[in-house]
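Structure, as structure tokens:
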Amino acid sequence: MVRFTPCLAALVLVASAEAAPWGQPDLAAYTRAALNRTEVEGLQGWRTDLYAEYGLSDRWTVTAKYERVTFDDFSQFEASGWRTTVRRSFALSDTWVASAEAGVLEGEAIGGASGCQSTGGEARAGLAHSFSRQSEDRQRYGFWFAEAAVRAHSDGCQRYRLEAGYGREVARNIWLVNQLWLDQGSENARSLKHQFEYVLRRGAYDLSAGSLIELGGEFEEAGLFVSIARRF
């Protein structure tokens with residue numbers, strides 16, 4: 001197992017992104033907590049993810065994220081990280097929105113290994129579309145989005161990421177959401193990640209359960225997660 005150590009640090013410590021071009025309305029807030037049971041080459045671990053958004057106005061949204069990853073028997077792989085950004089959303093029409101976002105971040109659990117544990121910056125831009133379709137009994141809703149992001153850390157680590165997501169309402173208050181991430185960059189950066197989840201919406205709360213698979217070239221990560229989110 002020792003021979004997997006450098007690749008393990010590079011892959012497992014790269015965080016999933018909560019991001020999309022939509023912003024929060026003025027003074028509105030969104031919070032989410034997720035717990036992921038993950039496995040990499042036989043190593044069992046836990047990933048804890050806390051995320052929040054707050055609408056400074058109808059156009060500006062501030063975001064904050066904290067993430068920590070631990071392994072049952074390998075404390076040397078434990079890591080944490082944080083990120084905070086400001087997002088500017090541009091309403092192109094009633095169903096189309098674009099965004100530009102920038103901020104600071106730090107830590108391996110956010111950026112990855114090979115220098116990404118240092119302080120750095122992030123910039124991203126995105127486009128999203130929401131839609132509705134008539135089913136047999138009612139109107140069903142859906143969305144898709146795509147974003148491009150770049151991260152640069154003071155120790156020389158760089159990451160370039162493409163993100164895409166598609167969600168649709170499959171039954172009353174039940175959504176099926178798929179997300180895909182493609183990473184490139186400096187050492188040990190290449191990876192392809194897919195997340196699949198069902199979301200149950202109850203009033204101001206969203207309850208989610210799903211799976212996450214990441215292919216990093218030399219090994220794989222797989223995990224199951226649950227999350228709870230609330231809108232204020």
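The values are calculated or read from the model by the stated rules, or taken from the named source; none is laboratory data. It should be emphasised that the depicted structure is a prediction, and the values quoted were computed from it without experimental measurement. Neighbour counts run over all protein chains shown; Cβ positions are idealised from the backbone, glycine included. Only protein heavy atoms, including side chains, enter the accessible area calculation; ligands, DNA and RNA are left aside. Shrake-Rupley method; radii C 1.70, N 1.55, O 1.52, S 1.80 Å.
Scan 9, 102 and give me the residue that is at pLDDT 85 or above, open to solvent by less than 70 Å² (accessible area, probe 1.4 Å) and hydrophobic (A, V, I, L, M, F, W, C).
Selected residue: 102, the only one of 9, 102 that is at pLDDT 85 or above, open to solvent by less than 70 Å² (accessible area, probe 1.4 Å) and hydrophobic (A, V, I, L, M, F, W, C).
Which one of 96, 82 is within 18 Å of the chain's Cα centre (by Cα) and among the aromatic types (Phe, Trp, Tyr)?
Step by step, each of 96, 82 is checked, and only 82 is within 18 Å of the chain's Cα centre (by Cα) and among the aromatic types (Phe, Trp, Tyr).
Which of the residues belonging to segment 212-232 are open to solvent by less than 20 Å² (accessible area, probe 1.4 Å) and part of a strand (DSSP E or B)?
212, 214, 221, 223, 225, 227, 229
Within segment 65-82, which residues are in a helix (DSSP H, G or I) and within 9 Å of residue 108 (Cα to Cα)? Lay out the reasoning, then the answer.
Taking segment 65-82 as the starting set, the residues that turn out to be in a helix (DSSP H, G or I) are 75-77.
Within segment 65-82, none qualify.
List, please: which pairs have Cβ atoms under 7 Å, are six or more places apart or on different chains, and start with a residue in segment 185-200 that is of a type in the set (S, T, N, Q) and end with one that is surrounded by 14 or more Cβ atoms within 10 Å (Cβ to Cβ) and at pLDDT 80 or above?
186/157; 186/158; 191/183; 191/214; 191/215; 195/179; 195/210; 195/212
Out of everything in segment 189-211 that is under 28 Å from residue 156 (Cα atoms) and assigned to a strand (DSSP E or B), what residue ends up being modelled with the highest pLDDT? Spell out the reasoning first.
Initially, segment 189-211 is screened for residues under 28 Å from residue 156 (Cα atoms), giving 189-194.
Pick out the ones that are also assigned to a strand (DSSP E or B) and you get 191-194.
On the way: 191: 82, 192: 88, 193: 89, 194: 93.
If we take residues in segment 189-211 being under 28 Å from residue 156 (Cα atoms) and assigned to a strand (DSSP E or B), then 194 is modelled with the highest pLDDT.
Only one of these conditions is not met by residue 56: (1) among the aliphatic types (A, V, I, L, M); (2) closer than 19 Å to residue 230 by Cα; (3) over 16 Å from the mean Cα position of the chain (by Cα); (4) open to solvent by less than 40 Å² (accessible area, probe 1.4 Å). Which number is it?
So residue 56 meets the others, but not (4).
From the list 69, 62, 150, which residue is more than 22 Å from residue 227 (Cβ to Cβ) and of a type in the set (A, V, I, L, M)?
On the way: 69 fails: more than 22 Å from residue 227 (Cβ to Cβ); 62 fails: more than 22 Å from residue 227 (Cβ to Cβ).
Going through 69, 62, 150 in turn, just one is more than 22 Å from residue 227 (Cβ to Cβ) and of a type in the set (A, V, I, L, M): 150.
Would you pick out the residues in segment 126-140 that are modelled with pLDDT of 90 or more and either closer than 22 Å to residue 49 by Cβ or in contact with an Asp or Glu (Cβ under 7 Å, 6 or more places away or on another chain) (or both)?
Residues satisfying the conditions are 126, 128.
For segment 171-195, which residues satisfy the criterion of being loosely packed, with under 13 Cβ neighbours inside 10 Å and touching a strand residue (DSSP E or B) at 6+ places or on another chain (Cβ under 8 Å)?
Within segment 171-195, 173, 174, 184 meet the criteria.
Give me a count of the residues in segment 50-64 that are touching a residue at least 24 places away in the same chain (Cβ under 8 Å) and assigned to a strand (DSSP E or B).
The qualifying residues number 8.
Does segment 105-119 contain at least one residue that is modelled with pLDDT of 95 or more and either open to solvent by less than 40 Å² (accessible area, probe 1.4 Å) or not polar (S, T, N, Q) (or both)?
No, segment 105-119 has no match at all.
Does residue 88 qualify as being open to solvent by 50 Å² or more (accessible area, probe 1.4 Å), basic (Lys, Arg) and at pLDDT 90 or above? Before the answer, list the steps.
On the way: open to solvent by 50 Å² or more (accessible area, probe 1.4 Å): no; basic (Lys, Arg): yes; at pLDDT 90 or above: yes.
No.
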